[in-house]
Amino acid sequence: MGSKTEIKLLACERNDRSWSTVPGEELVPADELSNFNDGTLVVVNLGNNRTIQGSPEIATNRLLTVLQNFSRLMDKSKSQEEEIEQWRQSLTYQADELNRRQEEMNSRLDQIEETEAELQSKSSKTKN
């Protein structure tokens, strides 16, 4: 009257090394896990027919590796976000500076046109 050992699948790793949760209550027979305590988190490789392939391992090391990689990715993402923000601020400053220079040039052009108009007006008055 031995008890039947089963594991509940929580997540699976895809070919692209990403993980996704397993929906529902999928249980897999796992008599080879009878030497693990109840509630132990393990990593197993499943074959196409949902049978355990190879030796199961306690998930601690794998989870630590996944969490460390995730942490590194988060740090890298944060660093990239900061770099993007710096670029955005730099581009905003450059755009503001270009707009200021354009306005200055337009103002100078207006002054030159006014001066030319005044000169033409004086020139036409002196001819008459």
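Figures for the structure shown
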{"quantity": "Net length gained if the chain between Val43 and Glu103 were fully extended (0.36 nm per residue, minus Cα distance)", "calculated": "15.0 nm"}
{"quantity": "Per residue, in Å², the accessible surface of the chain once ligands and nucleic acids are set aside, probe 1.4 Å", "calculated": "89 Å²"}
{"quantity": "Highest-fluctuation residue, Glu82, Glu104, Glu32 considered, GNM on the chain with Cα pairs under 10 Å", "calculated": "Glu104"}
{"quantity": "Residues listed by number, the stretch 22-53, amide nitrogen under 14 Å from Thr65 label point at 7 Å toward C-beta", "calculated": "43-45"}
{"quantity": "Förster radius 41 Å - calculated FRET efficiency between Val28 and Glu83 (Cβ-Cβ, nearest 0.05)", "calculated": "0.35"}
{"quantity": "Between the stretch 8-60 and the stretch 82-128, the alpha-carbon center distance in angstrom", "calculated": "70 Å"}
{"quantity": "Where labels lie 7 Å past Cα in the beta-carbon direction, separation of Leu9 and Arg50 in nm", "calculated": "0.7 nm"}
{"quantity": "Linear extension gain, Lys127 paired with Trp19, 0.36 nm per residue minus alpha-carbon span", "calculated": "30.0 nm"}
{"quantity": "Under Karplus coefficients 6.51, -1.76 and 1.60, residue-wise ³J(HN,Hα) of the stretch 45-54 in Hz, glycine/proline x", "calculated": "9, 9, x, 4, 8, 6, 10, 6, 10, x"}
{"quantity": "Amide H within-cut-off set for Ala30, under 5 Å, with H built and near neighbours excluded", "calculated": "Thr5, Glu6, Ile7"}
{"quantity": "Unit charges on C-beta of K, R, D, E only; dipole of the chain, Debye", "calculated": "200 debye"}
{"quantity": "Accessible surface of the stretch 1-127, 1.4 Å probe, proportion on carbon and sulfur as whole %", "calculated": "50 percent"}
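The values are calculated or read from the model by the stated rules, or taken from the named source; none is laboratory data. Everything numeric here is computed off the predicted structure, so don't read it as measured data. A quick note on method: Cβ atoms are made from the backbone with ideal geometry, for glycine too, and the neighbour counts reach across all protein chains shown. What goes into the accessible areas is simple: the full protein's heavy atoms, side chains included, and nothing from ligands, DNA or RNA. Shrake-Rupley method; radii C 1.70, N 1.55, O 1.52, S 1.80 Å.
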